[in-house]
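Each remark here refers to the structure printed beneath this line.
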Amino acid sequence: MTDGGNLTALSSFILLVISDAPQLQTTIFTVLLSLYVLMVLGNLTMILLITTDPHLHTPMYFFLTHLSSIDFCLSSATIPKALQTFLRGRSHISFWGCFTQMYIFIALASCECFLLGVMAYDRYSAVCKPLLYTTTMSRARCYGMMVLVYAMGFLTSLLHTTLAGRLSFCQARSINHFFCELPTLLQLSCSDTSTNELLQVYTVAFNSMCPLLMILVSYTYILHTVLHIPVASRRMKVFSTCASHLAAITIFYAPAILTYVQPHGASSWGQAKLVSLCYCILTPTLNPLIYSLRNKEVKGALRRLWERKLLPHLSRV
């Protein structure tokens, strides 16, 4: 880091709210808190159902457990501090707390990108090669894929965080955002950030395009296979197993790509913060709903959990 004294002199940053209007801040706080509670309940319920119900011990739900875990941690890394910011109008976050938040967020967002690609491969194996599915998606291979997903995500984040930690922030410490996102810190720095920005472009392109390429190839084969199924009811059944994953891909990639690709001029920061809210809280809240509302297996697991464990406990009380 240039100007080594900056790290000790700059002990904290100040997170700013999205809007200066008090009534709007109260509304945003209420909506954000409600969504966060729904996110916690939805993802923890999904994890509980999958881990306790033997009927859901399949590769698809194994990956879905990790998706729920990543969503829960990703949202929890940013939203509680954002709620404090909206409640008080602004909030302080320590230098190390800011970089820790940024590290966790980049790591988990990257992990989710790769996980969505792995889940597309799982759907391809189930639809296009059903007879080999058990062998192709063995327990060892599923665990190996998840190790690779987490390694890619956390190593990418470590590279960004280490490079950002070498920057000088001088006396500027007001972050025009509700959490410590990498682009906002780069805007705040008085050092040369060209290397950081170039690395950001390359890693975002890699983390986005590699999983997207896997998704496109997988669903091209899936579509080709489905169109050759003679029975319409069977075609619809196969499509329904892929619909939830496609919806999850859409709600995750759309705001993430829009946030990082658009120019970060002063006029775009308001939009950038709103888009950031989408993938910090909206996507993690919607994912468990998407995978449960039209999923008979998840509904069945929820019913069995209620009848076998929760209902007897409540009757004894």
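Of all residues in the range 56-100, those satisfying the criterion of being within 21 Å of Leu274 (Cβ to Cβ), of a type in the set (Gly, Ala, Ser) and surrounded by 23 or more Cβ atoms within 10 Å (Cβ to Cβ) are Ser75, Ala82.
Please specify each residue of the range 123-160 satisfying the condition of being within 18 Å of the chain's Cα centre (by Cα) and in contact (Cβ under 8 Å) with a residue 12 or more places away in the chain.
Met145, Met146, Leu148, Val149, Tyr150, Met152, Gly153, Phe154, Thr156, Ser157, Leu158, His160
Per-residue answers, yes or no, for (1) in contact with a Lys or Arg (Cβ under 9 Å, 6 or more places away or on another chain); (2) among the basic types (Lys, Arg); (3) surrounded by fewer than 13 Cβ atoms within 10 Å (Cβ to Cβ); (4) modelled with pLDDT of 85 or more:
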site	(1), (2), (3), (4)
Ser157	no, no, no, yes
His160	no, no, no, yes
Ser168	no, no, no, no
Arg173	no, yes, no, no
Val201	no, no, yes, yes
His245	yes, no, no, yes
Ile251	no, no, no, yes
Pro255	no, no, no, no
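Looking across Ala107, Ala77, Ala164, one residue alone is under 27 Å from Thr26 (Cα atoms) and touching a Leu at 6+ places or on another chain (Cβ under 9 Å). It is Ala77.
The rows are residues; the columns are (1) among the aliphatic types (A, V, I, L, M); (2) in contact with a Ser or Thr (Cβ under 7 Å, 6 or more places away or on another chain); (3) in a helix (DSSP H, G or I).
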{"residue": "Ser75", "(1), (2), (3)": "no, no, yes"}
{"residue": "Gln84", "(1), (2), (3)": "no, yes, yes"}
{"residue": "Trp96", "(1), (2), (3)": "no, no, yes"}
{"residue": "Thr100", "(1), (2), (3)": "no, no, yes"}
{"residue": "Tyr103", "(1), (2), (3)": "no, yes, yes"}
{"residue": "Ala109", "(1), (2), (3)": "yes, no, yes"}
{"residue": "Cys113", "(1), (2), (3)": "no, yes, yes"}
{"residue": "Leu116", "(1), (2), (3)": "yes, no, yes"}
{"residue": "Arg123", "(1), (2), (3)": "no, yes, yes"}
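Only residues that are assigned to a helix (DSSP H, G or I) and among the β-branched types (Val, Ile, Thr) were counted across the range 56-70, and they come to 2. If you scan the range 160-171, which residues turn out to be under 17 Å from Gly97 (Cα atoms), part of a loop (DSSP other than H, G, I, E, B) and hydrophobic (A, V, I, L, M, F, W, C)? Matches in the range 160-171: Leu167, Phe169.
Within the range 182-216, the set of residues being within 23 Å of Ile93 (Cβ to Cβ), of a type in the set (S, T, N, Q) and part of a helix (DSSP H, G or I) comprises Thr184, Gln187, Asn196, Gln200.
The values are calculated or read from the model by the stated rules, or taken from the named source; none is laboratory data. These figures come from a predicted structure and were not determined experimentally. As a convention, Cβ positions derive from the backbone with ideal geometry for all residues, glycine included, and neighbour counts pool all protein chains shown.
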